[in-house]
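The structure appears below as structure tokens.
The values are calculated or read from the model by the stated rules, or taken from the named source; none is laboratory data. Note that the structure is a prediction, hence the values are computed from the model and not measured. Counting neighbours? That spans all protein chains shown, and the Cβs are built from the backbone with ideal geometry, glycine included. Protein only, heavy atoms only, side chains kept; ligands, DNA and RNA dropped before computing areas. Shrake-Rupley method; radii C 1.70, N 1.55, O 1.52, S 1.80 Å.
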Amino acid sequence: MIRLGIIGCGRISDLHAHAYLDHPEATIVAVADPDAANLATRGAAWGVPESGRYQDYRDLLARSDVDAVEILVPHHLHAPITLDAMDAGKHVSLQKPMALSMDEAALMVRAGHERGVTFKVFENFVFYPPVVRAKELVENGEIGDLLSIRIKSNPGWSPTAWDVPAAASAWRIDESKCGGGPLVFDDGHHKFAIAWYFLGLADRVHAFIGSSMDGVLDCPSIVSWHHPDGQVGSLEVAYSPDLRLHTAQYAQDDRVEITGTRGVIWVTRGHGRMLDVPPVILYRDGETRGFSDMPTGWESSFLNSGRHFVDALRDGTSPSLTGEEGAEVLAFALAAQESAKTGTAAAPRVAGRDGDAAAAGRGRGLPREAGLG
Ligand SMILES: NC(=O)c1ccc[n+]([C@@H]2O[C@H](COP(=O)([O-])OP(=O)(O)OC[C@H]3O[C@@H](n4cnc5c(N)ncnc54)[C@H](O)[C@@H]3O)[C@@H](O)[C@H]2O)c1
């Protein structure tokens with residue numbers, strides 16, 4: 001049984017908790033959050049006794065019966081809390097983006113190795129079943145050699161979206177706490193992770209990052225990039241204030257188009273659902289095939305990613321993403337920020353691999369040990 005402590009009981013923690021509450025080999029034994037209301041609500045909902053609820057996460061880390069922690073806090077706290085958890089000998093699953101800078105990321109990766117603990121950067125989009133299915137189709141050679149990936153993020157509004165407390169938005173629009181804007185840096189991490197999953201790390205990134213709603217939103221924006229083997233990719237982010245969406249979580253839709261030498265694959269949804277078509281569509285040889293035999297709720301990506309962490313701890317295997325992989329995706333996201341500021345292309349840089357960051361990626365394998373797909 002893996003005994004978990006959850007540090008940070010805010011908006012996203014509900015989806016994380018389900019992965020562990022549903023897992024026969026995991027149990028949540030402690031929670032920490034300085035916000036007394038979040039602590040009480042989530043602690044009670046997940047069956048954690050009051051004696052296991054802490055306002056100071058260091059009290060949770062002091063417990064010898066916590067094997068691993070899930071860290072779900074604002075980004076500027078990722079590095080200090082992760083380093084403390086590793087010092088306490090805990091395995092760590094840390095929400096993306098792993099840090100605000102590559103220096104912080106390198107410190108965390110090194111500390112994980114030195115302490116001999118498992119370090120997972122929690123990036124759920126590469127566990128989203130339609131994305132995993134698209135990857136399988138690519139690996140089966142259905143569209144030939146990859147040429148490009150095109151990703152679209154389209155926030156709008158939704159009467160069925162979950163409630164996002166003002167506190168969860170406040171730190172996201174403070175660059176010193178978030179590391180960049182809410183759509184291109186924070187949410188963008190997922191989109192850079194998808195590109196990395198299919199094509200590895202880019203070697204050049206160029207970004208135009210716009211501004212709307214009095215500077216609150218970093219859009220409309222467009223990021224384009226080039227991979228060492230010649231493929232290209234792009235991310236377009238547009239907020240449509242009057243676009244009504246179907247969703248159970250964030251009011252946003254995501255779409256991905258992957259082009260190969262003999263065919264094209266579309267992933268037609270993400271957070272939300274706009275298109276009345278199968279979640280994965282393949283076009284090749286003059287024929288279109290739709291694939292609908294998979295869960296499509298966005299929460300399934302959290303369930304699969306959380307289960308994968310428990311399985312990795314149980315089996316002693318590497319999690320997806322490892323700290324090193326998380327650092328690659330962070331480098332991708334930071335390069336977009338840098339390019340938008342300088343107006344020139346930026347090269348993602350991973351510490352210790354100067355000038356060779358891009359060689360590290362080259363299209364990631366499926367997290368097959370999680371039994372996905
Ligand atoms: N994968 C995804 O799709 C996704 C979606 C949303 C959020 N996230 C990530 O999850 C993390 C949390 O985001 P959120 O939306 O839940 O934010 P949130 O603001 O709703 O929750 C953060 C929680 O951390 C708590 N906190 C602050 N300081 C703390 C400390 N020192 N110790 C313990 N807890 C502390 C806050 O009180 C709050 O309850 C971020 O890294 C974010 O990027 C990921």
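Accessible surface computed residue by residue for the chain, with neighbouring protein chains in place and a 1.4 Å probe, gives 39 Å² per residue. Accessible-area rank, largest first, for Arg172, Arg349: Arg349, Arg172, with all protein chains present and a 1.4 angstrom probe. Taking every protein chain into account, the 1.4 Å probe leaves Asp229 with about 100 Å² of accessible area, to the nearest ten. One compactness figure for segment 169-257 is 1.15, namely its Cα radius of gyration divided by 2.2 N^0.38 Å. Taking θ as phi - 60° and the Karplus parameters 6.51, -1.76 and 1.60, the scalar couplings of segment 212-225 work out to 8, 6, 6, x, 6, 9, 8, 7, x, 9, 9, 10, 10, 8 Hz in sequence order, x denoting glycine and proline.
Go ahead and collect, in residue order, the members of segment 267-288 whose backbone nitrogen is under 20 Å from a label point 7 Å along the Cα-Cβ direction of Thr261. What the label zone holds, given the 20 Å backbone N cut-off, is 283-287. Spatially close Lys pairs in the chain, defined by Cα atoms under 24 Å apart and a spacing of eight or more places or different chains, total 17. Across the accessible surface of segment 25-176, with the other protein chains kept in place and a 1.4 Å probe, carbon and sulfur atoms take up 51 percent. In the complete set of protein chains, residue-level accessible area for Ser292 is approximately 80 Å², probe 1.4 angstrom.
Among the helices of the chain, those built from whole DSSP H runs whose Cα atoms reach 27 Å or more along their own axis and whose mean Kyte-Doolittle hydropathy is at least -0.5 are 323-342. Measuring nothing but protein heavy atoms, the accessible surface of segment 261-336 at 1.4 Å probe radius is 48 percent carbon and sulfur. Kirkwood radius and radius of gyration were both taken over the C-alpha atoms of segment 212-315, and their ratio Rg/Rh is 1.03.
Among Glu136, Glu104, Glu287, the largest mean-square fluctuation in a Gaussian network model of the chain (Cα springs under 10 Å) belongs to Glu287. When the charge dipole of segment 259-343 is built from unit charges on Cβ atoms (+1 for Lys and Arg, -1 for Asp and Glu) and taken about the Cα centre, the candidate among Gly297, Pro319, Val277 whose Cα reaches farthest toward its positive end is Val277. Taking Trp157, Trp298, Trp266 as the candidate residues, the one with maximal mean-square fluctuation in a Gaussian network model of the chain, Cα springs under 10 Å, is Trp157. The listed residues Tyr57, Tyr197, Tyr239 rank as Tyr239, Tyr57, Tyr197 when sorted by accessible area, largest first, using a 1.4 Å probe. The antiparallel fraction among DSSP beta bridges confined to the chain stands at about 60%. The charge dipole of the chain, taken about its Cα centre with unit charges on the Cβ of Lys, Arg, Asp and Glu (plus for the first two, minus for the last two), comes to roughly 320 debye.
Averaging over all projection directions, the Cα-based convex hull of the chain occupies 17.5 nm² in the image plane. Can you give me the Rg/Rh ratio for segment 129-295, using Cα atoms for both radii and the Kirkwood formula for Rh? Radius of gyration relative to Kirkwood radius: 0.99. Largest first, the residues Asp22, Asp242 sort by 1.4 Å accessible area into Asp242, Asp22. Positive end of the dipole of the chain (Cβ unit charges, origin at the Cα centre): among Gly52, Gly233, Gly260, the Cα lying farthest that way belongs to Gly260. Using only Cα atoms, locate the centre of segment 286-356 and the centre of segment 43-120, then give the distance between them in Å, rounded to an integer. For segment 286-356 versus segment 43-120, the Cα centre distance is 19 Å. Counted over all Cα-Cα pairs of segment 3-107, pairs farther apart than 16 Å make up 52 percent. Solvent-accessible surface (1.4 Å probe) assigned to Lys341 amounts to roughly 140 Å².
Approximating the spin labels as points 7 Å out from Cα along Cα→Cβ, the Thr288-to-Ser318 distance works out to 3.9 nm.
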